[in-house]
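The values are calculated or read from the model by the stated rules, or taken from the named source; none is laboratory data. As the structure is a computational prediction, the values presented were derived from the model and not from experiment. Don't worry about glycine lacking a Cβ; one is built from the backbone with ideal geometry, like all the others, and counts go over all protein chains shown.
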Amino acid sequence: MPTVILMAGTGSDDDYLRRAFGPAVTGAGGTLRALAPSADLLGGYRAELDAAAAAARAGGERIVVGGVSLGAVVALDWALRDGGTVCAGVWAALPPWSGAPGESLAALSARLTADTVEGDGLEPAIAGMAAGSPAWLAAELSRSWRALADRDLVGQLRIAASATAPTVDRIAGLQVPLAIAAAPDDPLHPIRVAREWAAAAPRAALTEVSLAEFGPDPRRLGDACLAAWHRASGRTGW
């Protein structure tokens, strides 16, 4: 039974992953491994995936990779490079863009947040964010931004804002099931992108769940990914 290795979205962390996806993964009999973001955001994630793949290969096992937003981008890109040799599937929650980030709202938000933290300081940036956010989002980002402060939060945000995602043409070559969860009411992660990914992959399913639902109850995002996994893989288990 493969381990599910997940990566967080920009400005978020492994604590959120465990709360959002732990119940769905373990409830289905799997093992969740939530990767902690480092200052070398993309390089760190890729190095950990490569090491996990090597260990799985040596043990005759396979892994499922995935993540939220930027984490989904990294996971899908890595799975395409793996070609199905060790990777058994991808969980992609809230994909932010396809190809270059361009002027996508998620990339613009990351750049603006980096500028604000760098220019005003962490606590003023948190206060400004909280003043214009729902209570659940203010609490979540206040916690995660403080947790990431000693891991170059500003640098992570800038790296994320310039990351290139797989294009739909590349996604068409995916050799493993792709399970997607996305929200029609999330402007930073347009539902159009999730639908593009789902349409492009040979074996994919999309579960739509509103931000109003999973924002206050992150477990619903994990449940949505699991439901998409069952449909994309054609299996009730792993």
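Things worth noting here:
- Listed conditions (1) in contact (Cβ under 8 Å) with a residue 24 or more places away in the chain; (2) in the same structural domain as Pro190 (by TED's automatic domain parsing); (3) part of a helix (DSSP H, G or I) are all met by Ala51, apart from (1).
- Total residues in region 147-180, condition over 30 Å from Glu118 (Cα atoms) and not in a helix (DSSP H, G or I): 10
- In region 75-84 there is at least one residue that is in a loop (DSSP other than H, G, I, E, B) and either on the phi > 0 side of the Ramachandran plot or surrounded by 15 or more Cβ atoms within 10 Å (Cβ to Cβ) (or both).
- Residues that are β-branched (Val, Ile, Thr) and either free of Cβ contacts under 8 Å to residues at least 60 places away in the same chain or touching a strand residue (DSSP E or B) at 6+ places or on another chain (Cβ under 8 Å) (or both), drawn from region 168-194: Ile171, Val176, Ile180, Ile191, Val193
- Here Gly89, Gly22 are screened, and the one residue that is modelled with pLDDT of 95 or more, within 23 Å of Val193 (Cβ to Cβ) and not aliphatic (A, V, I, L, M) is Gly89.
- Checklist (1) in a strand (DSSP E or B); (2) modelled with pLDDT under 95 applied to Glu103, failing item: (1)
- Some residue of region 139-160 being aliphatic (A, V, I, L, M), in contact with a Pro (Cβ under 9 Å, 6 or more places away or on another chain) and closer than 19 Å to Trp97 by Cβ: yes
- Of all positions in region 126-137, at least one carries a residue that is modelled with pLDDT of 95 or more, within 17 Å of the chain's Cα centre (by Cα) and aliphatic (A, V, I, L, M).
- Test result for Trp238, closer than 23 Å to Leu80 by Cα, of a type in the set (Phe, Trp, Tyr) and over 16 Å from the mean Cα position of the chain (by Cα): yes
- Flag if Ala114 is touching a Phe, Trp or Tyr at 6+ places or on another chain (Cβ under 9 Å) and at negative phi: no
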